[in-house]
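Okay, structure first, notes after.
The values are calculated or read from the model by the stated rules, or taken from the named source; none is laboratory data. For clarity, every value in this text was computed on a predicted model and none was experimentally measured. Heads up, the Cβs are rebuilt from the backbone with ideal geometry, glycines too, and the neighbour counts pull from every protein chain shown.
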Amino acid sequence: MNVLFVSIDSLTRHFLDVYPDRDVEFDVETENIDRFAERATVFDTHYAGSLPCMPARREWLTGTQEFLWRPWGPIEPFDDPLPRLAREDGVLTQLITDHFHYFQHGSHGYYEDFNGFEFVRGHEYDAWQTAPQDPPEEVYQQITNVSADDPRGTGYLNRSQYARNVADKEATDETEFFAPQVFSKTADWLRRNQDWDEWFCYVDSFDVHEPFHVPEPYASLYTDEDPRDPELVNWPFYGRVDEGQSELTERQVDFVRSQFAGKVTMVDRWFGRVLDALDETGAWEDTAVVVTSDHGHYLGEHGWVGKPGAPLYDVLARTPLFIWHPDSPRRGERVDSLTSAVDLYATIIDFLGLEVTRTRHSRSLLPVLEGRSDDHRDWALYGYWGSSVNVTDGQYTYMHPCDESVDAYCHSTEMMSAYGWFTPREPQRDAESGAYLPYTDSPVWRYEAPSNPRHVEPLLFDVTEDPEQQRNLVDEDGEAVREMQRLLREALTDLEAPEKEFERLELAPRPS
Amino acid sequence: MVGHVEYCLDNVDSATRRRLGGLDEVPVTEQRCLQRCGDCYSGPFLVVDGELRTAETHGALLNALREDE
C-alpha cells in the first residue's frame, strides 16, 4: 500500500463546510476538500496532541506525545521516525514542503530520513533572499501592524525577510505562491514516480499558516476592502485583539479573517491538482491518503488572534482529519470516535505493513477504518509543554491549569531552549542527566524552566451541546469536573508522565 | 503614562519576572513568546503600549517605566 500524507498547516476546521462547528461570515469555497471528504472517512472528533508546529510533527512521525516531557525540538536518537522505518523496509519516501521550521534552529532530524525532499523556498522567515536591501514597502507595511523590525536589521526572525522573499512574486500570479507550488510539485511527483513498488509521500504545506499574504483573486474573494491598503495587516502578532501589540480594530480583524479565508480557498484549489493526479494515475486503488492539520488559528474567536498564551479552545485543538483507504468499508462515512494526532504514526505503519511492535503513544486507526471497532480511545490529551494540560473524552473538554510557581522539567538529548525555539541554543548549566523517560533507556538531559499558565481557573465545556465553548461548566457540574480530573489523572498515569507534571498540575502523586 | 507592558518568558530571569509580576500600577502581560525572537535573543526587552523597548538590563527597562509614570 502506498501512503500519501498531506498536512495543511493551521487549517482551522470550522472554515470548512465539512465541519460546521461554528458560523463563519463567508461561504468559504473548498470544493476539492469537499470532494475528498465525500470519498474518504471523515473523523469528527479528532484532536491535536502536542502543539504547535514541530511538536505536532514529532507526534505524526514518531508517535510521541512529547509535550509532557519537552517542548519544540529535534527528532531524538531513540525515536523511530516513519521515513526511516519505511525506507528500511524498502519503501520509497519523499517529503515535499515549504515549511522553514524543518531547517531552522531547534528542529533538525525531520527531513533527513527521506529518500528525497523538495523544499519550496521563501515562506515566513525562510532565510533565503537577501536582496533587495530595502524590502518592497507594499508588502512590508502589511506584514506588521506595530513597531516593525528594522528592515535593514540582521537579527534573527526579521519580518523583512518575508518581504524580500516575495519581492519577485507578482500579486496576480498565484502560481508563484507557496501552496500552488507545493501541491503542483506533489501532483508532478505522483505522476513521475509510478514505477516504484511502494512509496510514502509526506506533503507538508505551510499554508494556511500566516502571513496571510495571498494573491488575487483570493485576496479580494471575501472582502470589499483594498487588499493592499497599508492600514490592513495580514500578519498580526499573537495575543488579545483588544490590548498590547496584538490589538486590532474590528476592521482589521475582519480583513485578517477574509485573507485567511482566501488562503483556504487558494490551498483548496491547488490541493485539487493532487486529487486530479490521483485520478489520472489510478493511484486510489493502492494508495491510502491522509489529510489533516496540526492546529487551528484564532482569528478573533474568544478575543484572541494567532496561537498565543490562551486557553486551548477547540478553535486550536480540534483538527480536521480525512482518511481514504481503498479497502475500508467506511469510505464516505463520518466517524465520531475520539482520535488523536499521535495516532497517525501507528496508522501509517499499519498502512505500509511495517513490522513494528512498539508504537510508543500511538494507537492505529486501522481497526476503526476496517469497521472492526468504534471504541478507539477514552481520552485524548493535548497542550503545550510547561503549561496547562487539557483532556477530552469527546463530549467534554477540560482545561486544567498549572501552578506557575512550580517549574516544569525539559527532557532531551540536546540542551534545547524551553521557549526560545528558533534562535541559537545556550548551555543549560544546571542540567542533570539520567534515564528519565519511560519509553527509552537512553539517558537525556533534564533541567527546569518556568511554567507558563494560560489560565488560572479550570475550564470545562460540553462540546456536544456548546461547540463554541461559551459556557464554562466548572461551577455547575461538579460531577463532570471530577470525572474529567479522574480521566486526566488516568491519562497521565497511563503515559507514565513525569512526577513533576503531577506536582505542577497540583494532582495527587502518580501511583508507583 | 504607561498603559500596558508585555514581556517574553524566555527573556526574563526569575527576579525580573517577580518584579514585573509585582507592578501594581500598570497592567503587565506575560507571554510565552511575543514573536520578537531576534530582539529577545539580542538582549533585554519589553513591549510597552505595543512599542519595542530595549536596554542593557531589565533593571534599566523597569527604571524607565517608573520614570514614565
Original post:
When you scan the stretch A:121-140, how many residues do you find that are more than 14 Å from every other protein chain (Cβ to nearest Cβ) and buried (at least 18 other Cβ atoms within 10 Å of the Cβ)?
Top reply: 6
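Rundown of residues vs (1) part of a loop (DSSP other than H, G, I, E, B); (2) under 17 Å from the mean Cα position of the chain (by Cα), yes/no style:
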{"position": "A:Arg22", "(1), (2)": "yes, no"}
{"position": "A:Arg35", "(1), (2)": "no, no"}
{"position": "A:His46", "(1), (2)": "no, yes"}
{"position": "A:Glu59", "(1), (2)": "no, yes"}
{"position": "A:Phe67", "(1), (2)": "no, yes"}
{"position": "A:Glu76", "(1), (2)": "yes, no"}
{"position": "A:Arg84", "(1), (2)": "no, no"}
{"position": "A:Tyr111", "(1), (2)": "yes, yes"}
**OP:** Please go through the stretch A:409-460 and pick out each residue that is of a type in the set (Val, Ile, Thr), more than 26 Å from A:Met399 (Cβ to Cβ) and out of contact with any strand residue (DSSP E or B) (no Cβ under 8 Å at 6 or more places or on another chain).
**Re:** A:Thr423, A:Thr440
**OP:** Scan the stretch A:434-446 for residues that are surrounded by 17 or more Cβ atoms within 10 Å (Cβ to Cβ) and either in contact with a Gly (Cβ under 8 Å, 6 or more places away or on another chain) or without any contact (Cβ under 8 Å) to a residue 40 or more places away in the chain (or both) and jot them down.
**Re:** A:Val444, A:Trp445, A:Arg446
Original post:
Considering only residues of the stretch B:23-65 that are away from chain A (no Cβ under 14 Å) and under 21 Å from A:Glu243 (Cβ atoms), which is surrounded by the fewest Cβ atoms within 10 Å (Cβ to Cβ)?
Top reply: B:Asp24
Original post:
Within the stretch A:396-512, which strands (runs of 3 or more DSSP E) (wholly inside it) include 2 or more residues that are more than 21 Å from A:Gly386 (Cα to Cα)?
Top reply: A:459-462
**OP:** Pull up the stretch A:146-183, narrow it to residues that are away from every other protein chain (no Cβ under 14 Å) and in contact with a Lys or Arg (Cβ under 6 Å, 6 or more places away or on another chain), then point me to the one that is nearest to A:Leu248 (Cα to Cα).
**Re:** A:Glu176
Original post:
From the list A:Val182, A:Val253, which one is surrounded by fewer than 24 Cβ atoms within 10 Å (Cβ to Cβ), modelled with pLDDT of 95 or more, within 27 Å of B:Gln35 (Cα to Cα) and among the hydrophobic types (A, V, I, L, M, F, W, C)?
Top reply: A:Val253
Original post:
A:Gln142 versus (1) more than 19 Å from B:Arg36 (Cβ to Cβ); (2) under 27 Å from the mean Cα position of the chain (by Cα): which is the lone unmet condition?
Top reply: (1)
**OP:** Kindly check whether there is at least one residue in the stretch B:13-30 that is assigned to a loop (DSSP other than H, G, I, E, B), under 10 Å from the mean Cα position of the chain (by Cα) and either modelled with pLDDT of 90 or more or of a type in the set (Val, Ile, Thr) (or both).
**Re:** no
**OP:** Quickly run through the stretch A:373-391 and pick out the residues that are within 14 Å of chain B (Cβ to nearest Cβ) and in contact with a Pro (Cβ under 9 Å, 6 or more places away or on another chain).
**Re:** A:Tyr384, A:Trp385, A:Gly386, A:Ser387, A:Ser388
Original post:
Got at least one residue in the stretch A:180-194 being in contact (Cβ under 8 Å) with a residue 24 or more places away in the chain and in a loop (DSSP other than H, G, I, E, B)?
Top reply: yes
**OP:** Would you check if there is a residue in the stretch A:278-286 being surrounded by fewer than 23 Cβ atoms within 10 Å (Cβ to Cβ) and part of a loop (DSSP other than H, G, I, E, B)?
**Re:** yes
**OP:** Could you pull out the residue among A:Ala431, A:Ala380, A:Ala418, A:Ala449 that is closer than 20 Å to A:Arg510 by Cα and either surrounded by fewer than 17 Cβ atoms within 10 Å (Cβ to Cβ) or touching a residue at least 40 places away in the same chain (Cβ under 8 Å) (or both)?
**Re:** A:Ala380
